Amino acid sequence: MALLTCHFFSEALELNTSVTVLLPEAARGQIGMGGSDLAGPPPVLYLLHGLSDDETIWLRRTSIERYVAERGIAVVMPRVARSFYTDEAHGGRYWTYLSEELPRVVQHFFRVSDRREDTFVAGLSMGGYGAFKWALRQPERFAAAASLSGALVVGGPRAADLHVRVPHVWAGADPAGTDDDLLTLLDRADPASLPALYATCGSQDFLLDAQHLFVEHAAARGVEVDAHVHPGDHEWGFWDEHIRDVLDWLPVRTR
């Protein structure tokens, strides 16, 4: 795999930012690492970080590079601070950056597929929320989306503690009923148009109830979620193990 850190100016954020990218190679001479024989531009996984992290964290805490090498998947890991992948009330336009500008930047700088069937998104915690929000708001972009320990409920009384931790995002307003509320997005969704959805969470994770609520709400609206609960907590050992399940689940072409 080739590892790149790309620094560039974001028009949406009005500042310089960076994205970490893994690109597959056909080379097979590395000890302990395979290569990929996929023809043409590779599939791409947008891999989103959590509330306390940045664009380097998946590389630092997991073996994501090793896991994707033989699968031939490019991985794009953006930096979004503590934004909840949202156009903040007091801060940056991170939703605009993620959903509009970043895909254009990726296509401009890197040779990766732009086909829906080759495009995926996943994330952990805040990033799980971001992955599902992106998939529900722009279902035409993705073949599949996955949440690991996702903060999938941001509106209503169950999310009161969250609003205290990120007051700059919604400025005290409750996002329930808005385009930032995943449950509302499920209410508005056409199940037939959505990408495949996958959710996993630890049985001791404080966000497990949020996953259950999301999955139940989805089922009531005819939206299928491939949901899993495994022993574990809100920590990197769990995510390093179960990102491999996500990669195995993704409908990645084999040639």
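Test of understanding: in a Gaussian network model of the chain with alpha carbons linked when under 10 Å, which of Pro167, Pro24, Pro78 would top the mean-square fluctuation ranking? Judging by the Gaussian network model, the answer is Pro167. For region 133-255, averaging the sequence separation of C-alpha pairs within contact (under 8 Å, six or more residues apart) and dividing by the residue count gives a relative contact order of 31 percent.
Just checking the listed ones, Gly202, Gly128, Gly150: in the Gaussian network model of the chain with Cα springs under 10 Å, the one fluctuating most is Gly202. Taking Cα atoms only, the orientation of helix 208-220 departs from the longest principal axis of the chain by about 90 degrees.
The distance between label points at Asp209 and Arg158 comes to 0.8 nm (points 7 Å beyond Cα on the Cα→Cβ vector). Evaluated with a Cβ-only charge set (Lys, Arg +1; Asp, Glu -1), the chain carries a dipole of roughly 580 debye about its Cα centre, given to the nearest 20.
The DSSP beta bridges internal to region 2-249 are antiparallel in roughly 40% of cases. Computed over region 152-255, the range of Cα coordinates on each principal axis works out to 47, 34, 25 Å, biggest value leading. Going from the fewest other Cβ atoms within 10 Å to the most, the residues Phe132, Phe238 appear in the order Phe238, Phe132. Residues in region 163-204 near a label at Glu224, defined as backbone nitrogen under 17 Å from the 7 Å Cα→Cβ point? Output list for this probe position: 190-200.
Pick out which of Arg111, Arg82, Arg141 has the largest mean-square fluctuation in a Gaussian network model of the chain, springs linking Cα atoms closer than 10 Å. For the chain, modelled as a Gaussian network with Cα springs under 10 Å, the answer is Arg111. Residues Asp187, Asp161, arranged from fewest to most other Cβ atoms within 10 angstrom of their Cβ, appear as Asp161, Asp187. Taking all Cα pairs closer than 8 Å and separated by 6 or more residues, the relative contact order of the chain comes to 17 percent. By the count of other C-beta atoms within 10 Å, a proxy for reagent exposure, Phe214, Phe8 are ordered fewest to most as Phe8, Phe214.
Site pair Glu14 and Ala171 shows an inter-label distance of 1.4 nm when each label is modelled 7 Å from Cα along Cα→Cβ.
Contact order for region 1-151, expressed relative to its length and based on alpha carbon pairs under 8 Å spaced 6+ residues apart, stands at 24 percent. Region 184-255 and region 29-81 have Cα centres separated by 19 Å.
Computed from the coordinates by the stated procedures, all read-outs in this text should not be read as laboratory data. Note that the structure is predicted; figures quoted are calculated from it, not measured. We place every Cβ from the backbone using ideal geometry, glycine too, and count neighbours over all the protein chains shown.
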